[in-house]
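Here's the structure we're looking at; comments come further down.
Each reported figure results from applying straightforward, stated rules to the coordinates on display, with no laboratory input. All figures in this text were calculated on a predicted structure; none of them were measured in a lab. FYI the Cβ positions are ideal-geometry reconstructions off the backbone, even for glycines, and counts take in every protein chain you see.
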Amino acid sequence: MKKFLGLITIAITLTFTAIGQEYVGLNYNFSKGQLFELEQKSRSETYMTVNEVTQRTTRDYNNIISIDVTDIIPGKSILTFRYKELKFNFNAKNQNIFVDAKVANDKEPFQAGLKNMLDKPFTVEIQVTGIINKIAGLDEILEDAASAFSQLKPNEQEAYKKLMKDQFGAEAFRSWLEQLLIMYPPHGIKTGTQWEENVPMRGGLVGRVDLYWNLQTWDTQTAKIGGTAKIKTDKVQLLTLEDDIKATAEISGTTSSNYLVNRSSGLPSICVQNTEMNGDYTYKANKAKRLKRDLKVPVKIVTNASYKIKQMK
C-alpha cells in the first residue's frame, strides 16, 4: 500500500513538474472582421523647477478607441483605429483646458480640433510578434483637424497644433502603443522566462526605451505578464519645448506594467502601468527669451494609467 501511494505521489509530482516546464507560444492572432474596443484612463503630472519656482502640469486622458481587423497578411495584420470618445484635460501655468470632443464648447478651440478627429480611420501595421511596422493616416487627420484653429492668431495656431501633435500625433501614438502592447518572442516560452526589446523614444524627447517582460502564469485562455521599461534620454540632443524654448534633456526613469493577456488574440484584456522619470532640462541661453546663460531645470514626471481591451465581435 505504501509503495502504491508512493508511486501516486511521484506521478503527481512529475505531472506538475511537466506542466511547470511546458512551453507556450504567445503572439497576436487576429481574424479579418474582428472588432475590439480599447478604453484608456491615464494621468500624467510634470513638475519643473524654474528659478526655484515649481511649475506643475497635468494631462488627463479618458479615451475610447475602436480597433477593426481590416486585413490579414502572412506574418502581420492591418488594424484600423478610430477615436470614439476623446476627453482631455490639460492644466498648466494657471491655464486649464478641459475638452470632451462630443460636447460643443465655443470658448475652447481645442474642442473643435478634437471633434474633427472622432471616427476618422488610421491604420497600424503590426507583426504577429507585436512589432509595429508603421502607422498611416494619423498625421493627416491632425492636419485636417487643425483647420479648427484657422481663426486664431498665428502664434496661437502654432501652440494648439504643437499641443495636438505632442499628445495625439503618429509618433506620440506609436510610442504609447509600443509600451502598451507586448512584443512577444518568436519562440515558445515557459513560466519565469524573461525577454526584452528596445525602441527609440518618439514624439518629443529623444532617447531609448529598453523593454523587459516576464511570463508569470498562464492557462489555456489567459497569461499574466509583468513588464518593465527603462527610459533614458539622449542628453546632447536639442529639443524644442513649450514657448519655443530650446533645451537638452538628461532624464531617466522606469515604467512598471502588469498585463492580463487574452491568448486568443494576444491583446491585453487589462493593463496597469506606472511611470516615474527624473532628471534635468537645460534651457539654452537665448536673448529673445531673456536667458543670459544656460539654465538647469529639474524635472519629475509621474504617470499612472489603466487600459481595458474587449472584443466586440
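Observations on the model:
- Within the stretch 73-91, considering residues that are free of Cβ contacts under 8 Å to residues at least 40 places away in the same chain and aliphatic (A, V, I, L, M), the one nearest to ILE182 (Cα to Cα): ILE73
- Figure legend. Inter-residue proximity from the stretch 279-298: first residues under 18 Å from LEU205 (Cα atoms), second residues hydrophobic (A, V, I, L, M, F, W, C) and not in a strand (DSSP E or B), beta-carbon distance below 6 Å, spacing 6+ or different chains. Indicated pairs: TYR283/ILE245.
- Selected residue [over 18 Å from TYR283 (Cα atoms), in a helix (DSSP H, G or I) and of a type in the set (Lys, Arg)] from ARG208, ARG174: ARG174
- Some residue of the stretch 193-200 being crowded, with 19+ Cβ neighbours inside 10 Å and either in contact with a helix residue (DSSP H, G or I) (Cβ under 9 Å, 6 or more places away or on another chain) or in contact (Cβ under 8 Å) with a residue 12 or more places away in the chain (or both): no
- When residues of the stretch 46-72 are limited to those that are without any contact (Cβ under 8 Å) to a residue 60 or more places away in the chain, β-branched (Val, Ile, Thr) and over 30 Å from TYR28 (Cα atoms), the one surrounded by the most Cβ atoms within 10 Å (Cβ to Cβ): THR57
- Residue check, ASN274 within 30 Å of GLU37 (Cβ to Cβ) and exposed (fewer than 15 other Cβ atoms within 10 Å of the Cβ): yes
- Residue in the stretch 188-197 that is among the aromatic types (Phe, Trp, Tyr) and in a helix (DSSP H, G or I) present: no
- Of the strands (runs of 3 or more DSSP E) contained entirely in the stretch 64-142, not one carries at least 2 residues that are more than 29 Å from GLN311 (Cβ to Cβ) and of a type in the set (Gly, Ala, Ser).
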